[in-house]
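The values are calculated or read from the model by the stated rules, or taken from the named source; none is laboratory data. These figures come from a predicted structure and were not determined experimentally. Note: ideal-geometry Cβ built from the backbone for every residue, glycine included; neighbour counts use all protein chains shown.
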Amino acid sequence: MLLRKAINEINASLSKVFKGMKLYGLAQTAYRQNGDQQDKFPQIVDLDGEGKYVGIDDTDPIIIYHRNTGLITGRTIRQGYGDGFSDLVNTYQMAMIIFQSQELTKLFPEELFLYLQANFPEDIKSHPYKTIFIRTTNVILNSQQIFSAEYAGANFLLPAEKSLLQINYTIESTFKKGCFAKCPEDC
């Protein structure tokens, strides 16, 4: 619920950066057998289990998709009186993978990052969360490193005028435990 809503907010903010860019949501790794080799690639999967490839496509200037790499949960001490002593804090560790055709964008990867960074939302509002903060943490500009992680086992075939970059970021939400239903449907 929160994770996909936050990604949609990020994508909406970034959609203004470059005409023709493709923005996708939360991707996961898929595998397919290719002879003796197993290919690894990113895809978006819907609730029915249907997958859609969202990786490198050299006809697009920019392709962006997101990955959830971890979740840290904790508590924050509340001041004052009331129900409970603390609020829950969930921090999603995220990676945004960006494929870029430099010949179409006329930008170097670090320049593209600056435009994306300038349009990255810092917070979003969503009931019942008290706060939702979005923070970029670091950027990987090594295309080969990212390619190896996203397409393990494949030969590195990305030409020089194409690049991959990865923006790591966090989505931190604070909420009161009692504000959520205890099950997804009526129990």
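In the range 1-40, which residues are in contact with a helix residue (DSSP H, G or I) (Cβ under 6 Å, 6 or more places away or on another chain) and among the hydroxyl-bearing types (Ser, Thr, Tyr)?
13
Could you grab the pairs with beta carbons closer than 9 Å, sequence gap of 6+ or different chains, first residue in the range 145-164 and closer than 19 Å to residue 107 by Cα and in a loop (DSSP other than H, G, I, E, B), second one modelled with pLDDT of 85 or more and charged (D, E, K, R)?
If the second residue must be modelled with pLDDT of 85 or more and charged (D, E, K, R), the pairs left are 161/103.
Just to be sure, is residue 97 closer than 26 Å to residue 135 by Cβ and either charged (D, E, K, R) or surrounded by 15 or more Cβ atoms within 10 Å (Cβ to Cβ) (or both)? Walk me through it before giving the result.
On the way: closer than 26 Å to residue 135 by Cβ: yes; either charged (D, E, K, R) or surrounded by 15 or more Cβ atoms within 10 Å (Cβ to Cβ) (or both): yes.
Spelling it out, residue 97 is indeed closer than 26 Å to residue 135 by Cβ and either charged (D, E, K, R) or surrounded by 15 or more Cβ atoms within 10 Å (Cβ to Cβ) (or both).
Quick check: is even one residue across the range 70-91 polar (S, T, N, Q), at negative phi and surrounded by 14 or more Cβ atoms within 10 Å (Cβ to Cβ)?
Just the residues of the range 70-91 that are polar (S, T, N, Q), to begin with: 73, 76, 79, 86, 90-91.
Okay, now just the ones that are also at negative phi, so 73, 76, 79, 86, 90-91.
Now restrict to residues that are surrounded by 14 or more Cβ atoms within 10 Å (Cβ to Cβ): 90-91.
Looking through the range 70-91, at least one residue is polar (S, T, N, Q), at negative phi and surrounded by 14 or more Cβ atoms within 10 Å (Cβ to Cβ).
Of the conditions (1) farther than 18 Å from residue 22 by Cβ; (2) modelled with pLDDT of 95 or more, residue 62 fails just one. Which one is it?
Unmet for residue 62, out of (1) farther than 18 Å from residue 22 by Cβ; (2) modelled with pLDDT of 95 or more: (1).
One line per residue, one yes/no per condition, for (1) closer than 15 Å to residue 99 by Cβ; (2) surrounded by 13 or more Cβ atoms within 10 Å (Cβ to Cβ); (3) touching a Leu at 6+ places or on another chain (Cβ under 6 Å):
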{"residue": "16", "(1), (2), (3)": "no, no, no"}
{"residue": "22", "(1), (2), (3)": "yes, yes, no"}
{"residue": "30", "(1), (2), (3)": "no, yes, no"}
{"residue": "33", "(1), (2), (3)": "no, no, no"}
{"residue": "36", "(1), (2), (3)": "no, no, no"}
{"residue": "42", "(1), (2), (3)": "yes, yes, no"}
{"residue": "47", "(1), (2), (3)": "no, no, no"}
{"residue": "50", "(1), (2), (3)": "no, no, no"}
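Being small (Gly, Ala, Ser), under 22 Å from residue 113 (Cα atoms) and touching a Lys or Arg at 6+ places or on another chain (Cβ under 8 Å) is the filter here; which residues of the range 1-32 pass it?
The initial filter retains those residues of the range 1-32 that are small (Gly, Ala, Ser), namely 6, 12-13, 15, 20, 25, 27, 30.
Within this subset, residues satisfying the condition of being under 22 Å from residue 113 (Cα atoms) are 6, 12-13, 15, 20, 25, 27.
Within the range 1-32, 25, 27 qualify.
Test residue 121 against the criterion of being over 18 Å from residue 69 (Cα atoms), at pLDDT 90 or above and part of a loop (DSSP other than H, G, I, E, B), and give yes or no.
Details: over 18 Å from residue 69 (Cα atoms): yes; at pLDDT 90 or above: yes; part of a loop (DSSP other than H, G, I, E, B): yes.
Yes; evaluated as a whole, the condition is true for this residue.
Restricting to the range 32-82, what's the tally of residues that are in a strand (DSSP E or B) and either over 22 Å from residue 174 (Cα atoms) or of a type in the set (Val, Ile, Thr) (or both)? Before you say what the answer is, go through the steps one by one.
The first filter runs over the range 32-82 and keeps only residues in a strand (DSSP E or B), leaving 32-34, 37-45, 51-53, 62-77.
If we keep only those that are either over 22 Å from residue 174 (Cα atoms) or of a type in the set (Val, Ile, Thr) (or both) as well, we get 32-34, 37-45, 51-53, 62-65, 69, 72-73, 76-77.
Counting residues in the range 32-82 that are in a strand (DSSP E or B) and either over 22 Å from residue 174 (Cα atoms) or of a type in the set (Val, Ile, Thr) (or both) gives 24.
Return the residues of the range 124-144 that are more than 26 Å from residue 39 (Cβ to Cβ), within 18 Å of the chain's Cα centre (by Cα) and assigned to a strand (DSSP E or B); say none if nothing qualifies.
132, 133, 134, 135, 136, 137, 138, 139
Could you please find all residues in the range 95-118 being assigned to a strand (DSSP E or B) and either in contact with a Lys or Arg (Cβ under 7 Å, 6 or more places away or on another chain) or more than 20 Å from residue 71 (Cα to Cα) (or both)?
The initial filter retains those residues of the range 95-118 that are assigned to a strand (DSSP E or B), namely 95-101.
Listed by number, the residues that qualify are 95, 97, 98, 99, 100, 101.
Scan the range 144-174 residue by residue and report those that are modelled with pLDDT of 95 or more, polar (S, T, N, Q) and touching a Phe, Trp or Tyr at 6+ places or on another chain (Cβ under 9 Å).
Residues satisfying the conditions are 163, 170.
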